[in-house]
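S.K.: Before we start, here is the structure in question, set down as structure tokens.
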Amino acid sequence: MFFLCVNLYRRSIKFRVTNTVIETERGLLGKRIDVLQLWRCRDVRYRQNLSDRILGIAHLDVFAQDATTPHLEIVGMPASRQLFEQLRDSIEIQRQHRNVYGVVS
């Protein structure tokens with residue numbers, strides 16, 4: 001029963017990553033879609049523990065300057081370093097396009 005619930009929960013969350021946004025779609029019966037503009041992102045982190053390496057998946061942590069989504073964890077993505085690097089590069093391109101600069105204190 002526990003594994004059925006976990007499987008249903010995992011299937012109820014979908015991520016769509018484009019060159020400009022990250023969309024998070026949640027829900028089985030009702031749907032909620034959250035959009036995070038890449039130019040609002042401050043940093044992205046790639047994580048993979050031993051069990052993730054065995055399963056061939058990875059976690060991407062996205063840290064943003066967004067009031068509703070300051071931290072977004074994308075779980076279960078295919079363990080592709082290329083996807084991480086494309087996301088990192090897209091964030092930088094979008095920040096430069098919008099003339100967003102970080103201030104280091």
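We did not get these values from a lab; they are worked out from the coordinates using the rules stated. The structure displayed is predicted, hence computed values, not measured ones. In this analysis, Cβ positions are derived from the backbone assuming ideal geometry, glycine residues included, and neighbour counts consider all displayed protein chains.
S.K.: Against the longest principal axis of the chain, how steep is helix 2-11, in degrees 0 to 90 to the nearest 10, with axes from Cα atoms?
M.R.: For helix 2-11, the angle is close to 40 degrees.
S.K.: On each of the three principal axes of the Cα atoms of the stretch 2-97, give max minus min coordinate, whole Å, ordered largest first.
M.R.: For the stretch 2-97, the Cα extents along the three principal axes come out at 45, 34, 19 Å.
S.K.: Here is a further query. Would you tally the net charge around GLU25, using a Cβ to Cβ cut-off of less than 9 Å, leaving GLU25 out, and scoring K and R as +1, D and E as -1?
M.R.: That sum, taken over residues with Cβ under 9 Å, equals +3.
S.K.: On a 0 to 90° scale, report how tilted helix 81-97 is relative to the longest principal axis of the chain, with both axes built from alpha carbons and the result rounded to the nearest 10.
M.R.: 40 degrees
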